[in-house]
Amino acid sequence: MTTHHDIPTHLVTGFLGVGKTTTIRQLLALRPEGEHWAVLVNEFGEIGVDGGLLADTGVALEEIPGGCLCCVSAQMFTVGLNRLIRSRHPDRILIEPTGLGHPAEIIRTLTQPPYDGVLDLRATITVMDARHLSSPRHREHPNWNDQIALADVLLANKADLYSEADREALQAFVAAVPPPRPLVVETTQGRVESAWLDRPRLERGGALFPEARAFLSAGGQHDHAHDHDHGHDHAPHEHGDEPVTIDTRGDGYLGRSWLLPEGQAFDHAALEALVSGFTGERLKGLVLTDQGWQRVNRVDGEGGLETMKAPPAGTRPRIEAILPETDAQALDTLDHALQQARTDPRHTTQ
């Protein structure tokens, strides 16, 4: 990597379902003509959904599913990042950690050898939903606090859904943030401005959020809250004509990912009913139905199916669900419902 120097690099962080992937798509739409950008995506589940949703952007993409990038010593992280740098020669890199990850450790790693002379870590963009300010489940979650505390640009996304009370809570929250404060912007659909990428990282004098300090002082070692248990039905790249189901557990959440055979389709009405009835934390995916390709996007009981352009040929449909670990039975119920919603692929519109 000695031939690569000072590549502008950004973290795009935020809790589950706040719109990180949408924000990245908006950023990629702003890239100057002739510049080659790269994206490193990490997801809680082991089957990458976000990577599939970025596949049509024309950028170099690396996916690291099945854990969190706070495990930066993991070989998958370094291999993926090094491969992007060496083979793609990017002019800029965007890194999307899982919504359940600690950005503090990522920042520390990217600013130390061997990356300190290779990457120029600039503004961290944290995406939030101001409605979560009234949710103890979010306000008391250390990762939620860590992500916001390390923001250089704080995007209050989904602003079109805010009540006046939400806006007042956001103003009070920002006022309580000790200086230096991030740039705070209300936005919708992850809309961003290219100038924000050139903002420097705030100098906080090492005074990270207390949870981040505790995490760093522990040397990045995981406690029980960060252990990730995985149950595999099949290896993701084997048996391409068979469905793959993989479970993930960590940080008080359960995840299940389904990677379906190429051409596998769903009855649109049945899938729509299934998605609208999902009450867990997050349900996302890209699936083929008898009405064409659909993006699955449901967060905290809101959202559903969204029509999308057909992804590149050979793309396998995929879905990921994330729920509190107390709702384990709901995953099996969802699995059964998905099986019932599948239909004959010959009856689909590509």
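Name the one entry in Leu154, Leu133, Leu121, Leu197 that is in contact with a Phe, Trp or Tyr (Cβ under 9 Å, 6 or more places away or on another chain) and within 21 Å of Leu40 (Cα to Cα).
None of the other options fit; the residue is Leu121.
Yes or no: segment 28-51 includes at least one residue that is at pLDDT below 85, within 11 Å of the chain's Cα centre (by Cα) and open to solvent by 20 Å² or more (accessible area, probe 1.4 Å). First the steps, then the outcome.
To start, the set of residues in segment 28-51 that are at pLDDT below 85 comprises 41-51.
Among the residues that remain, those that are also within 11 Å of the chain's Cα centre (by Cα) are: 41-45, 48-51.
If we keep only those that are open to solvent by 20 Å² or more (accessible area, probe 1.4 Å) too, we end up with none.
No, segment 28-51 has no match at all.
Considering each residue of segment 323-350, count those that are β-branched (Val, Ile, Thr) and modelled with pLDDT of 85 or more, and give that number.
Result for segment 323-350: 1.
Can you pull out the residues in segment 1-40 that are of a type in the set (A, V, I, L, M) and closer than 28 Å to Ala156 by Cβ? Give the derivation first.
Taking segment 1-40 as the starting set, the residues that turn out to be of a type in the set (A, V, I, L, M) are 1, 7, 11-12, 16, 18, 24, 27-30, 38-40.
Answer for segment 1-40, where residues must be of a type in the set (A, V, I, L, M) and closer than 28 Å to Ala156 by Cβ: Leu11, Val12, Leu16, Val18, Ile24, Leu27, Leu28, Ala29, Leu30, Ala38, Val39, Leu40.
Give the residue that is modelled with the lowest pLDDT, with candidates limited to residues of segment 100-135 that are buried (at least 20 other Cβ atoms within 10 Å of the Cβ) and acidic (Asp, Glu).
Glu105
Please enumerate the residues belonging to segment 294-326 that are under 17 Å from the mean Cα position of the chain (by Cα) and among the β-branched types (Val, Ile, Thr).
Those that are under 17 Å from the mean Cα position of the chain (by Cα) and among the β-branched types (Val, Ile, Thr): Val296, Val299, Ile319, Ile322.
Within segment 273-288, does at least one residue satisfy the condition of being free of Cβ contacts under 8 Å to residues at least 12 places away in the same chain, of a type outside the set (Ser, Thr, Tyr) and in a helix (DSSP H, G or I)?
There is at least one residue in segment 273-288 that is free of Cβ contacts under 8 Å to residues at least 12 places away in the same chain, of a type outside the set (Ser, Thr, Tyr) and in a helix (DSSP H, G or I).
Residue by residue through segment 252-298, note down the ones that are among the charged types (D, E, K, R) and under 18 Å from Asp332 (Cβ atoms).
Arg256, Glu281, Arg282 - these are the residues of segment 252-298 that are among the charged types (D, E, K, R) and under 18 Å from Asp332 (Cβ atoms).
Residues that are in contact with a Ser or Thr (Cβ under 7 Å, 6 or more places away or on another chain), of a type outside the set (D, E, K, R), buried (at least 18 other Cβ atoms within 10 Å of the Cβ) and free of Cβ contacts under 8 Å to residues at least 60 places away in the same chain: does segment 157-175 have at least one?
Kept after step one, since they are in contact with a Ser or Thr (Cβ under 7 Å, 6 or more places away or on another chain), are these residues of segment 157-175: 157-160, 169.
Filter once more, keeping what is of a type outside the set (D, E, K, R): 157, 159, 169.
Subsequent filtering for residues that are buried (at least 18 other Cβ atoms within 10 Å of the Cβ) retains 157, 159.
With free of Cβ contacts under 8 Å to residues at least 60 places away in the same chain added as a condition, the list becomes 159.
Yes, some residue in segment 157-175 is in contact with a Ser or Thr (Cβ under 7 Å, 6 or more places away or on another chain), of a type outside the set (D, E, K, R), buried (at least 18 other Cβ atoms within 10 Å of the Cβ) and free of Cβ contacts under 8 Å to residues at least 60 places away in the same chain.
So Thr326 ticks every box in (1) part of a loop (DSSP other than H, G, I, E, B); (2) surrounded by fewer than 12 Cβ atoms within 10 Å (Cβ to Cβ) but one. Which box is left unticked?
Of everything listed in (1) part of a loop (DSSP other than H, G, I, E, B); (2) surrounded by fewer than 12 Cβ atoms within 10 Å (Cβ to Cβ), Thr326 misses just condition (1).
Which numbered condition in (1) open to solvent by 20 Å² or more (accessible area, probe 1.4 Å); (2) within 21 Å of Pro243 (Cβ to Cβ); (3) not in a loop (DSSP other than H, G, I, E, B) is the only one that Thr315 fails?
Unmet condition: (3).
So in segment 136-156, with the set limited to residues that are among the hydrophobic types (A, V, I, L, M, F, W, C) and open to solvent by 10 Å² or more (accessible area, probe 1.4 Å), which one is nearest to the chain's Cα centre (by Cα)?
Within segment 136-156, the first condition is being among the hydrophobic types (A, V, I, L, M, F, W, C), and the residues that meet it are 144, 148-151, 153-156.
So of that shortlist, the ones also open to solvent by 10 Å² or more (accessible area, probe 1.4 Å) come out as 148-149.
Working: Ile148: 15, Ala149: 18 Å.
So the residue we want is Ile148.
Suppose we filter Thr289, Thr307, Thr248 for residues that are at pLDDT 65 or above, open to solvent by less than 50 Å² (accessible area, probe 1.4 Å) and under 20 Å from Arg342 (Cβ atoms); which single one remains?
Thr289
The values are calculated or read from the model by the stated rules, or taken from the named source; none is laboratory data. From a predicted model like this one, the values you see are computed outputs, not experimental measurements. So basically every Cβ, Gly included, is an ideal-geometry build from the backbone, and we count neighbours across all protein chains shown. For the accessible areas, the whole protein counts, side chains as well, though only heavy atoms, and no ligand, DNA or RNA atoms are used. Shrake-Rupley method; radii C 1.70, N 1.55, O 1.52, S 1.80 Å.
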